[in-house]
Every structure is written in structure tokens, then in C-alpha cells.
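Reading through the C-alpha cells given below for one structure.
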Amino acid sequence: VQLQAFGGGLVQAGGSLRLSCAASGRTFSSYAMGWFRQAPGKEREFVAAISWSGGSTVYADSVKGRFTISRDNSKNTVYLQMNSLKPEDTAVYYCAADTYGVAPRPMEFEYDYWGQGTQVTVSS
């Protein structure tokens, strides 16, 4: 599985961004997907995950109500819509594939393929 994330950038606090992650190499609709992020000097943390069908999602408490994860299996793409962005959302965002799972899972070790990351910077 190859993953390519894009859509990051610089945005003011309160603004919005949509990240995309394109997958290839294996039937996309057969596995769950997740988004993680890593801020400077901090460990990578879970953001959101979605089941193979898109029918089930899980969010970190810090983004619940502001971020929405979705997927389009016809386009082999998972999205992360980020609204009401805060400076503390600044990080490199990574998409990841959990090819052994179909339900959304928040633990990093469950994911076996990772994209290259896309930088999101939120200015105050």
C-alpha cells in the first residue's frame, strides 16, 4: 500500500483546511484508515480513524466536533476536514492504513502503512 497525503498549508486560527490521502496498491475498501499528527518536540498522536465502509469513525477528544474524517472508496481517498483550527493543531499530519482491521482504531501500532506527512500550520 502506498499513501500520499496532501492539502496542508498555512491558515489563520479559526480557519479551515481539508487534507486528502490517496491510496494505491491494495483494495482500498478492504481496510480502515486513520490520521495522526506530530507537533514539534512531541510524540505522534491519534487524530481520527474511519472504518473500511466509512460507516464508523473515532476521534481524539481534542478534535471532536471540529474535524471530520471521511472516505471515498471509488477514489481510493480518505479526507480530513479541519474546521475552527487552533494554533495547537499545528503539526505534520500523517495518514495511515490499518490493513488488518476494518473498524476504526486509535492505536498507532495497529497501522502498518504510512504516508509521508503534510504540514499544517495555524497562526494566531
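Quick notes on this structure:
- Taking the criterion of being open to solvent by less than 20 Å² (accessible area, probe 1.4 Å) and part of a loop (DSSP other than H, G, I, E, B), the residues of the stretch 106-124 that qualify are Y111, G115, G117.
- Residue pairs whose Cβ atoms lie under 6 Å apart, sitting 6 or more positions apart in sequence or on different chains, and linking a residue in the stretch 89-117 that is closer than 11 Å to S51 by Cα and at pLDDT below 95 to a partner that is open to solvent by 60 Å² or more (accessible area, probe 1.4 Å) and in a loop (DSSP other than H, G, I, E, B), are V102/W52.
- Of the candidates F6, F36, F28, the single residue that is farther than 20 Å from S124 by Cβ and open to solvent by 10 Å² or more (accessible area, probe 1.4 Å) is F6.
- Scoring V63 on the criteria (1) in a strand (DSSP E or B); (2) under 23 Å from V11 (Cβ atoms); (3) open to solvent by less than 60 Å² (accessible area, probe 1.4 Å) leaves a single failure, condition (1).
- Counted residues, the stretch 67-105 - those being open to solvent by less than 60 Å² (accessible area, probe 1.4 Å), closer than 15 Å to E45 by Cβ and not hydrophobic (A, V, I, L, M, F, W, C): 4
- Condition check for G65: of a type in the set (G, A, S) and within 12 Å of the chain's Cα centre (by Cα): no
- Selection within the stretch 14-25 - of a type in the set (S, T, N, Q) and surrounded by 14 or more Cβ atoms within 10 Å (Cβ to Cβ): S20
The values are calculated or read from the model by the stated rules, or taken from the named source; none is laboratory data. All of these numbers come straight from a predicted model, not from anything done at the bench. As a convention, Cβ positions derive from the backbone with ideal geometry for all residues, glycine included, and neighbour counts pool all protein chains shown. Keep in mind that these areas ignore ligands, DNA and RNA; they rest on the heavy atoms of the full protein, side chains included. Shrake-Rupley method; radii C 1.70, N 1.55, O 1.52, S 1.80 Å.
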